[in-house]
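What follows is a short report on a single structure.
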Amino acid sequence: MLAEIGDVPSAKEVVAAPRIPLKRFVSKNVCHGVIYDGEMHLRMLPYRFNNSGLNELIGAMGFYLENKPSGKAFHDPLAACAAIDSSILKWAEVKIYREKGEWGSHLTEVNDNSPTTFISINLDRDKFEQVLIGNC
């Protein structure tokens, strides 16, 4: 789902924009399943020298975990990795709506004659982590 706060008119404009032929939204339901925790940190450590950005991320998350060992939801990195390789997520074609201050979606039939809108419904965690470390 789209963010609960923020620029709702602009979000509605994007959802309705016919000039954007393909729209992919990473749902909260999928995002909330990705937590950078101690186990993920251990999986990432061997790759810290792949590049300076990944090294910074792993270092910062190590510091974060010292203070919050339960981990951190990894929304933005997941969305960024999905932009690099959309196959890390399973997608369903939907119609997005907003009702009573909440975002939602309804499944739709694939229609080759109109712009398509998809929402993530599942994650291939191994693929995600491979994209995150730069093996894509």
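The values are calculated or read from the model by the stated rules, or taken from the named source; none is laboratory data. What you are looking at is a predicted structure, and each value in this text was computed from that prediction instead of being measured. Every residue, glycine among them, receives a Cβ derived from its backbone with ideal geometry; neighbour counts consider all protein chains shown. Side chains included, ligands, DNA and RNA excluded: accessible areas come from the protein's heavy atoms. Shrake-Rupley method; radii C 1.70, N 1.55, O 1.52, S 1.80 Å.
Please identify, among Gly33, Gly71, Gly53, the residue showing maximal mean-square fluctuation in a Gaussian network model of the chain using a 10 angstrom Cα cutoff.
Gly53
If I model a spin label at His75 and Arg43 as a point 7 Å from the Cα along the Cα→Cβ vector, what separation in nanometres do I get?
With each label placed 7 Å out from Cα toward Cβ, I get 2.2 nm.
So if each residue of separation counts as 0.36 nm, and I subtract the Cα-Cα distance between Ala92 and Leu22, what length gain in nm does that give? Display every interim value, and only then the final one.
Working: separation 70, 0.36 × 70 = 25.20 nm, distance 1.25 nm.
Taking Ala92 through Leu22 to full extension adds about 24.0 nm, to one decimal.
Which longest run of the chain has no exposed loop site in it, a site being GluC sites (Glu not before Pro) in a DSSP loop with at most 14 other beta carbons within 10 Å, and the site itself not part of the run?
On the way: sites that count: Glu4, Glu109.
Free of exposed loop sites, the longest segment is 5-108.
Just the accessible area for Cys31, please: 1.4 Å probe, Å², rounded to the nearest 10?
10 Å²
How much length, in nm to one decimal, is gained on full extension between Asn51 and Asp85, taken as 0.36 nm per residue of separation minus their Cα-Cα distance? Display every interim value, and only then the final one.
Values: separation 34, 0.36 × 34 = 12.24 nm, distance 1.86 nm.
Contour length minus Cα-Cα distance gives 10.4 nm.
Take the solvent-accessible surface of the protein heavy atoms, probe 1.4 Å, and return the percent of it on region 42-136 that carbon and sulfur atoms account for.
Values: 3080 of 6050 Å².
So the carbon and sulfur contribution to the accessible surface is 51 percent.
Can you tell me the 0 to 90 degree angle between the C-alpha axis of helix 75-84 and the longest principal axis of the chain, rounded to 10?
70 degrees
Mind checking the dipole of region 22-136: about its Cα centre, +1 per Lys or Arg Cβ, -1 per Asp or Glu Cβ, Debye to the nearest 20?
Rounded to the nearest 20 debye, it is 180 debye.
Can you list which of the chymotrypsin sites (Phe, Trp or Tyr not before Pro) found in region 13-50 are DSSP loop residues with at most 10 other C-beta atoms within 10 Å? If you can, show how the numbers build up before the last one.
Details: sites: Phe25, Tyr36, Tyr47, Phe49; in loops: Phe49.
Those satisfying the criteria are Phe49.
So for region 25-136, taking the charge dipole from beta-carbon charges (+1 Lys/Arg, -1 Asp/Glu), which of Gly101, Ser27, Met40 sits furthest toward the positive end?
Gly101
About the Cα centre, and with charges only on the beta carbon of Lys, Arg (+1) and Asp, Glu (-1), how big is the dipole of region 1-67? Nearest 20 debye, please.
Details: 7 positive and 7 negative charges, 81 e Å.
Here the size comes out at about 380 debye.
If I fit a long axis through the Cα atoms of helix 52-67 and take the longest principal axis of the Cα atoms of the chain, what angle between them do I get, 0 to 90°, rounded to 10?
80 degrees
Got the relative contact order for the chain handy, in percent, Cα pairs under 8 Å and 6 or more residues apart?
Numbers: 170 pairs, mean separation 44.6, N = 136.
For the chain, the relative contact order is 33 percent.
Can you give the convex hull volume of the alpha carbon atoms of region 13-54 per residue, in Å³?
Details: hull volume 5.6 nm³, N = 42.
Dividing the Cα hull volume of region 13-54 by its residue count gives 134 Å³.
When DSSP beta bridges are limited to those with both residues in the chain, what percentage is antiparallel, rounded to the nearest 5? Walk me through the numbers on the way to the answer.
On the way: 13 of 17 bridges.
Around 75 percent of the beta bridges assigned by DSSP in the chain are antiparallel ones.
Hey, could you grab the Kirkwood Rh for the chain? Inverse mean 1/r over distinct alpha carbon pairs, Å, one decimal.
Values: mean 1/r = 0.0608 Å⁻¹.
For the chain, inverting the mean 1/r across all distinct Cα pairs yields 16.4 Å.
If I build a Gaussian network model for the chain, linking alpha-carbon pairs within less than 10 angstrom, which residue out of Ile20, Ile58, Ile121 has the largest mean-square fluctuation?
The residue with the greatest mean-square fluctuation here is Ile20.
Suppose only helical runs count, i.e. DSSP H with n ≥ 4. What mean residue ellipticity at 222 nm does that imply for the chain under -39500 (n - 2.57) per run, divided by all residues and rounded to the nearest 500 deg cm²/dmol? Write out the running numbers ahead of the final one.
Working: 6 runs with 54 residues, N = 136.
Result for the chain: -11000 deg cm²/dmol, rounded to the nearest 500.
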